[in-house]
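Below is one structure, written out as structure tokens, with a few remarks after it.
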Amino acid sequence: MGTLIQDLRFAIRQLLKSPSFAIATVLTLALGIGANTAVFSLVNALLLKPLPVPHAEQIATLAPRIGKGPLGQPFSWNEYKEIRKETTNVFSDVFGYTLNIDGLATAGKQPDRVMTAFVTGNFFDALQLKPAAGRLFLPSEGEVLGQDAVVVLGYDYWKQKFNADPGVVGRGVTIDGHAFTVIGVAPQGFSGMQSFLTLAAYMPISEIGISGTPDSVIQDWGTRLLLVQGRLRPGQNMKQATATTQVVAQNLIRMQPVAEKQLGIEVYPEPQLRINAGDPNTMYIIAGLFLALAVMVLVLACVNVANLVLVRASARERELAIRTALGARRSRLLRQLITESVLLALMGGLLGVVLGMAASGSLSRLDLHADLPVRFVFDFDWRIFSYSFIIALLAGVTVGVAPGLRMAKSNINAVLHEGSRGVARGRTWFRDGLVVLQIAGSLVLLVVAALFVRSLSAMQTMDFGFKPDNVLNFVIDSNEIGMNDEQSRAFAFNLTDGLRQMPGIEAVAHASAVPFSYLGSGGDQLTIDGASPPANPSDWSANFNVISPQYFNVMSIALKEGRVFTDADNQQAKAVAIVSESTAKKFWPGRDAIGRTFRMGLQKDREIEVVGVARDVEFAIFGGGKSATFFYVPYEQLSKGFTLMTFQLRSNHDLPSLIPAVEKTVHDLAPELPVFEVQTMRQGLYTMNGLLLFQIGASLATAMGLLGLTLAVIGLYGVVSYAVSCRVREIGLRVALGASRSSVFRMIYRQSVIIIACGLGTGMAIALLVARAVGSFVVVSVWDPFTYVGVCLVLALAALASCYPPARHAMAVDPITALRED
């Protein structure tokens, strides 16, 4: 310990003697560590940070899979009850919930549009949570549909809306126009099962009918609406739980052979399905990709610092040689150099954490283009501290070992005879190799950044199957103020008529969902009349949209054949549908889809006739693409339960200028009705279901690419400058013997070009390998030669530009002054 303290004191004195070196090193490492901290804090918040509940590691997520289809997420009410009853050997409790958006109001006030959850009665007990005020749900509450009109407020909403008044317990509130009694407040720090969503209220699952879902639909085996999770018993693991749930799935198939055909139930750790239910590993792969890019930035920073340390160590060769001659062991000198490097790295790590947390904090202000209580909290915790500390420590050792070993191998006699100039000036291959590595790493980062940027650009200009320009969207939910289905239908008709009369409006439509919206389209299991059931039941599942007649006109979606909906397609008319082009080919291959019939799970006894085939539309970037099975039904024929509507106006006028008139038209008909997500359709493309992830990916990759480019350019500049300073006598002698200034300039550039060419060649080989890894996350070809040529050109020009000042300095060497130097 005494030796370590002595080394630290000596290291501090040495750094104080060279403040410019210390500052440059700390700032360089801070950039690399900051990039890593920022990316890791994002990964930590979304994937690693446990739920704020006791023994969060015991919480598991259950997911259904139909045959060989994709991994699903929700279960039906009946499935949940069977799973809970049959898995007591592996789970101490199984609970479920579903998220919703409702209007919550106190007496005499306009309702707040809030995120809520309908939960099973054992929800809080299973999570082992205690109330902040009042009580939480009893296990018996929520068992009978339509009963237990009680509500537990979220802590943050209670604090914001009711000033944390415990007296709110026992008071009445209205939710979607229905009376509820507040019985308690959820604990502080718990905002729901998704860390990025803040829930304002929790209600028993028995009250889900207030959202417009009929009891008969809730009790249907095919209506999957509950997210199901369980708490593992001590000693049980995911493999054992999955074995048990698979047995339950087989029992369900025997009970309901049609509804549960080929059902499988799998169990995963809660974080693994926190973001993406389609593939448990997708988000981890994406996180690993960006962490790898951040680590590459850190490697480039370390290489840069290693070059600085080498230069400084060369200047200290005589000092180290004298200490060796006086009896100091080489291992002792190596430890001293590593101590200095680690000290610098820890200082850079401290600054890097500050920079990284500031950068990740900016993500919390990210515009998600949604009027939802979404929040990204990047609190500094032990995981971030540990990660940052470890990479700082590794960086310090890395940048100290290589220069230290080189200095330890130096010839003492040669150094002492050489004098202050040192012997290292002729051995530049190692520093040149580090610069080659920097240029290669920078090229890889820039190629990845270019692929993401080009993907974003391609997505922005691609043909989605609809035209997003000149369309204004806004969303309403008449259920939030207690309107029933009949009132909602009349309101939709009157609002459409009022909007049509506004100046400059070409067409008005509404739909249950629009492309890329967070309000997902409905999903159902179909029966195709005249066709044999498929071997895999998921083959007949489809998404659908409930639309008004003018929807295709407003969205400019072309019809391939048949007709669009009209006002005559009402409740009294024959049920009709328009299917997508891919759906027509899938269900009726080689045949005309017009006139064909099918049935929905929601209306099993109602025959639906296909009257049109529409062009395929990109509804969600990560939802199967244009080829996904999709169809449309008229609002007049399926309005029950679909009170949440996105209204769309097509106009050639300035769209933002229409917003006040739109809101006035709505409030003239329903003064208390909230209007939300008012934005142009073009703005609405940048959601998590749309282009936002590409935008975030492009921004992160570009930032790291630019950091890599900056570090590579600085590194090359430093090496060339040092090489020039070491060759001042040689250059002076050349000039004295008749060499021209231009020949000196060319000599310096010739050596620089060799380094740059080696770096570009090495980087190109690595980039081609890395491109294959990112291929599944971009929409452009990873082998596009223009990308590689363009990136090489940019990097080469930047590198050559960084060599210009040192080359100019070499041209200006005065031979007389140079030859007089020792």
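Note down the nm distance, to one decimal, between modelled labels 7 Å out along Cα→Cβ at Gln128 and at Lys664.
Placing both labels 7 Å along Cα→Cβ, they lie 5.9 nm apart.
Figure the gain on full extension for Gln262 and Lys17 (residue separation times 0.36 nm, minus the Cα-Cα span) and round it to one decimal in nm.
Extending this stretch completely gives an extra 80.8 nm.
Hey, how many Å between the Cα centroid of the range 642-677 and the Cα centroid of the range 121-164?
34
Residues of the range 100-145: accessible area per residue at 1.4 Å, in Å²?
Working: 1730 Å² over 46 residues.
Accessible area per residue, the range 100-145: 38 Å².
Once both axes come from the Cα atoms, what is the angle between helix 692-726 and the longest principal axis of the chain, in degrees from 0 to 90, rounded to 10?
Taking Cα atoms only, the helix is inclined about 0 degrees.
Starting from one equal scatterer on each C-alpha and no solvent at all, send me the Debye-based log10 I(q)/I(0) for the range 683-749 at q = 0.12, 0.13, 0.15, 0.17 Å⁻¹, two decimals.
Each listed q maps to, in turn, -0.55, -0.58, -0.65, -0.73.
Would you please give the FRET efficiency between Lys85 and Ala739, computed as 1/(1 + (r/R0)^6) with r the Cβ-Cβ distance and R0 = 60 Å, to the nearest 0.05?
0.05
Using the alpha-carbon centroid of each, what span in Å lies between the range 96-110 and the range 510-568?
Cα centroid to Cα centroid, the span is 29 Å.
With θ set to phi - 60° and the Karplus curve 6.51 cos²θ - 1.76 cosθ + 1.60, what are the ³J(HN,Hα) couplings of the range 168-183 in order, to the nearest whole Hz, using x for Gly and Pro?
Once θ is set to phi - 60°, the couplings for the range 168-183 become 5, 5, x, 7, x, 9, 10, 10, 6, x, 9, 7, 9, 10, 6, 10 Hz.
For all pairs of alpha-carbon atoms in the range 110-265, what percent lies in each bin of width 5 Å, listed from the first bin to the last filled one?
Histogramming the range 110-265 at 5 Å steps yields 2, 8, 15, 18, 18, 15, 10, 7, 5, 2, 0 percent.
With a cap of 15 neighbouring Cβ atoms within 10 Å, and only residues DSSP puts in a loop, list the chymotrypsin sites (Phe, Trp or Tyr not before Pro) found in the range 758-822.
Loop-located and lightly packed - Trp783.
Under a 5 Å amide H to amide H cut-off, with H placed in plane at 1.01 Å, what residues pair with Ala614 once short-range neighbours are removed?
Lys560, Val579, Ser580, Glu581
When the Karplus curve 6.51 cos²θ - 1.76 cosθ + 1.60 is applied with θ = phi - 60°, which whole-Hz ³J(HN,Hα) does each residue of the range 191-208 get, with x for Gly and Pro?
10, x, 7, 10, 5, 9, 10, 9, 8, 8, 7, 10, 10, x, 4, 5, 9, 5
Per-residue accessible area for Val305 at 1.4 Å probe radius, Å² rounded to 10?
The accessible area of Val305 comes to roughly 0 Å².
Between Ser331 and Ser386, what FRET efficiency follows from the Cβ-Cβ distance if R0 is 22 Å, with the result rounded to 0.05?
0.15
So who's got an amide H within less than 5 Å of the one on Thr680, skipping anything under 5 residues away but keeping other chains? H placed 1.01 Å off N, in plane.
Asn473
Give me the angle, in degrees from 0 to 90, between the Cα long axis of helix 485-500 and the longest principal axis of the Cα atoms of the chain, rounded to the nearest 10.
60
Students sometimes get this wrong: rank Arg615, Arg329 by accessible area, probe 1.4 Å, all chains present, largest first.
Details: Arg615 80, Arg329 170 Å².
Per-residue accessible area, sorted high to low, gives Arg329, Arg615.
Answer rounded, prolate or oblate for the range 592-701, using the Cα gyration tensor with square roots of eigenvalues a ≥ b ≥ c: rounded when a/c is under 1.5, else prolate when a/b is larger than b/c, else oblate. Intermediate results must be reported in sequence, preceding the final value.
Values: a/c = 2.18, a/b = 1.23, b/c = 1.78.
Because a/c hits 1.5 or more and a/b fails to exceed b/c, the range 592-701 counts as oblate.
Before anything else, pin down the relative contact order of the chain: Cα pairs under 8 Å, at least 6 apart, normalised by residue count, whole percent.
This gives 17 percent for the chain.
Hey, if you drop one equal point scatterer on each alpha-carbon of the range 702-741 and run the Debye formula without solvent, what base-10 log of I(q)/I(0) do you get at q = 0.17 Å⁻¹?
Debye curve over Cα of the range 702-741, log10 I(q)/I(0) at q = 0.17 Å⁻¹: -0.57.
What list of ³J(HN,Hα) values in whole Hz, one per residue of the range 645-661 in order, does the Karplus curve 6.51 cos²θ - 1.76 cosθ + 1.60 (θ = phi - 60°) give from phi, with Gly and Pro shown as x?
Residue by residue, the range 645-661 yields 10, 9, 8, 10, 10, 9, 7, 8, 6, 5, 4, x, 5, 7, 4, x, 5 Hz.
So how compact is the chain: Cα radius of gyration and Dmax in angstrom?
Using the Cα atoms of the chain, the pair Rg, Dmax is 33.2, 105 Å.
Once you place label points 7 Å from the Cα toward the Cβ at Ala56 and Leu797, how far apart are they in nm?
In this crude spin-label approximation the distance works out to 4.8 nm.
Return the long-range amide H neighbours of Leu225 (sequence gap of 5 or more, or a different chain), with a cut-off of under 5 Å between placed amide H atoms.
Amide H neighbours of Leu225, under 5 Å, 5+ apart: Phe75, Ser76, Trp77.
What part of the accessible area of the range 448-565, given as a whole %, is carbon or sulfur when the probe is 1.4 angstrom?
Carbon-and-sulfur percentage of accessible area, whole number: 49.
The values are calculated or read from the model by the stated rules, or taken from the named source; none is laboratory data. Since we're looking at a predicted model, the values are computed, not measured. Don't worry about glycine lacking a Cβ; one is built from the backbone with ideal geometry, like all the others, and counts go over all protein chains shown. Ligands, DNA and RNA are stripped out before the accessible areas are found, and what is left, the full protein with its side chains, is counted by its heavy atoms. Shrake-Rupley method; radii C 1.70, N 1.55, O 1.52, S 1.80 Å.
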